[in-house]
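Trainee: I have a structure I would like to understand better, so I am pasting it below and will then ask my questions one at a time.
Since every read-out is calculated from the coordinates, none of them should be taken as a lab result. Since the structure is predicted, the reported quantities are computational estimates derived from the model, not experimental observations. Neighbour counts are summed over all protein chains in view; Cβ atoms, including those assigned to glycine, are modelled from backbone coordinates with ideal geometry.
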Amino acid sequence: MVMKRKTVDIERFIAAMKSARKKSQAPVVTLIANRGATPFEILVSTILSLRTKDEVTGRAAQKLLARANTPEQIMELTEKQIEKLIYPVGFYHTKAKRLRQICRILTEQYGGQVPDDLEALLELPGVGRKTANLVLIEGFGKDAVCVDTHVHRISNRTGIVDTKTPEQTEFALRKKLPKSHWKQYNELLVSFGQTVCTPLSPFCSRCPVEAECPKNGVIRSR
């Protein structure tokens, strides 16, 4: 007899994540979006956030966008000026170069507007699936599945998916996760992943779904 793989119930899991979310701050890009940011400001903020702590991203995005908040205005800045504005975000040299490249394409091919199409976004320099999907969600309010390291880890740890890469996780979640949960899934799991379901030694004793979680890959917990 084949044993059914243990997994958390998705609806109970989402409800628990929503309850836990009330006690923590939203990810920085969501906070920026909630303040009425444009799709371009969301795109810029998301690029700055890659491999950078939220508090650093928030300050850098505020400084840069206060100086230039359209592709045309960014193009008026040199790479050195952009670097100075966004420092100390991770890989700020590369990000400054990428921002100018992206802004040139947006200006020349899209009339200065950010496309609301996944494939078009993925053609922009330095824009991967995580960034593109987050722009669709936070910039345009579209249904998309944004998978970062927290979403990939927790979705596998709880048994919701069984995948090796974030891209595989995205496509698995598109099949497994009810579409009504797509947009908020990333926001909920990022907050939870930063505070409870951490990469190493997660706080399982604080987890609301601990009893049914298979804890896949967890060697040590608290």
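Trainee: Obtain the nm distance between the two label points defined at Arg174 and Gln73 by a simple spin-label model: each point lies 7 Å from its Cα along the Cα-to-C-beta direction.
Mentor: In this crude spin-label approximation the distance works out to 3.5 nm.
Trainee: Also: For Pro88, what charge total do you get from the other residues with a beta carbon under 13 Å from its beta carbon, if Lys and Arg give +1 and Asp and Glu give -1?
Mentor: Details: positive: Arg51, Lys53, Arg59, Lys63, Lys84, Lys95; negative: Glu55, Glu83.
Residues near Pro88 contribute +4 overall.
Trainee: Extending each Cα 7 Å along its Cβ direction at Asp9 and Thr149, get the distance between those two points in nm, one decimal.
Mentor: 3.3
Trainee: For Lys142, what residues show an amide H to amide H distance below 5 Å, using hydrogens built from the backbone and excluding near sequence neighbours?
Mentor: Counting only residues 5 or more places away or on other chains, the set is Ile137.
Trainee: While we're here: From the phi angles alone, apply the Karplus equation (6.51, -1.76, 1.60; θ = phi - 60°) to region 184-189 and give each ³J(HN,Hα) in whole Hz, x where the residue is Gly or Pro.
Mentor: Whole-Hz 3J(HN,Hα) from phi for region 184-189: 8, 4, 4, 4, 5, 7.
Trainee: Same structure, new question: Placing +1 at every Lys and Arg Cβ and -1 at every Asp and Glu Cβ, with all other atoms neutral, what dipole size does the chain have around its Cα centre, in debye to the nearest 20?
Mentor: Values: 36 positive and 23 negative charges, 203 e Å.
Using only the charged Cβ atoms, the result is roughly 980 debye.
Trainee: Based on DSSP H runs of at least 4 residues, each adding -39500 (n - 2.57), what is the mean residue ellipticity at 222 nm of the chain after dividing by all its residues, to the nearest 500 deg cm²/dmol?
Mentor: Details: 12 runs with 120 residues, N = 222.
When only DSSP H runs of four or more count, the value is -16000 deg cm²/dmol.
Trainee: DSSP loop (so not H, G, I, E, B), at most 16 other Cβ within 10 Å: list which trypsin sites (Lys or Arg not before Pro) in region 134-197 pass both filters.
Mentor: Numbers: sites: Lys142, Arg153, Arg157, Lys164, Arg174, Lys175, Lys176, Lys179, Lys183; in loops: Lys142, Lys164.
Listed in order of number, the matching sites are Lys142, Lys164.
Trainee: What does the charge count near Lys179 come to, summing +1 for each Lys or Arg and -1 for each Asp or Glu among other residues with Cβ under 13 Å from its Cβ?
Mentor: That sum, taken over residues with Cβ under 13 Å, equals +4.
Trainee: Which of the pairs Lys6/Lys142; Lys95/Lys176; Lys23/Lys95; Lys22/Lys183; Lys130/Lys164; Lys23/Lys215 have their Cα atoms more than 25 Å apart in this structure?
Mentor: Pairs exceeding the cut-off: Lys6/Lys142; Lys95/Lys176; Lys23/Lys95.
Trainee: Now, a different point. Report the FRET efficiency, 1/(1 + (r/R0)^6), for Gln25 and Asn216, where r is their Cβ-Cβ distance and R0 is 30 Å, rounded to 0.05.
Mentor: My answer for the efficiency is 0.65.
Trainee: So what's the gap between the Cα centers of region 1-53 and region 79-116, to the nearest angstrom?
Mentor: Result: 24 Å between the Cα centres.
Trainee: A further question on this structure: From the phi angles alone, apply the Karplus equation (6.51, -1.76, 1.60; θ = phi - 60°) to region 102-113 and give each ³J(HN,Hα) in whole Hz, x where the residue is Gly or Pro.
Mentor: Result, ordered by residue: 5, 5, 5, 5, 4, 6, 7, 10, 10, x, x, 9 Hz.
Trainee: Follow-up. How much length would be gained if the chain were fully extended between Gln194 and Glu108, taking 0.36 nm per residue of separation minus their Cα-Cα distance, in nm to one decimal? Let's see the in-between values first.
Mentor: On the way: separation 86, 0.36 × 86 = 30.96 nm, distance 3.90 nm.
Answer, rounded to one decimal: 27.1 nm.
Trainee: Ok, one more. Based on the Cβ-Cβ distance of Glu123 and Ser205, what FRET efficiency does E = 1/(1 + (r/R0)^6) give at R0 = 35 Å, to the nearest 0.05? List each step's numbers first, then the result.
Mentor: Values: r = 45 Å, r/R0 = 1.30.
So the FRET efficiency works out to roughly 0.15.
Trainee: Find which of Thr131, His152, Pro88 sits farthest along the positive direction of the dipole of the chain, computed with +1 on the beta-carbon of Lys and Arg, -1 on that of Asp and Glu, about the Cα centre.
Mentor: Comparing the listed Cα positions along the dipole, His152 ranks first.
Trainee: How would you classify region 28-140 from its alpha-carbon gyration tensor, with a ≥ b ≥ c the square roots of the eigenvalues: rounded for a/c under 1.5, else prolate if a/b is greater than b/c, otherwise oblate? Don't skip to the end; give the middle numbers.
Mentor: On the way: a/c = 1.41, a/b = 1.11, b/c = 1.28.
Judged from the Cα gyration tensor, region 28-140 comes out rounded (a/c under 1.5).
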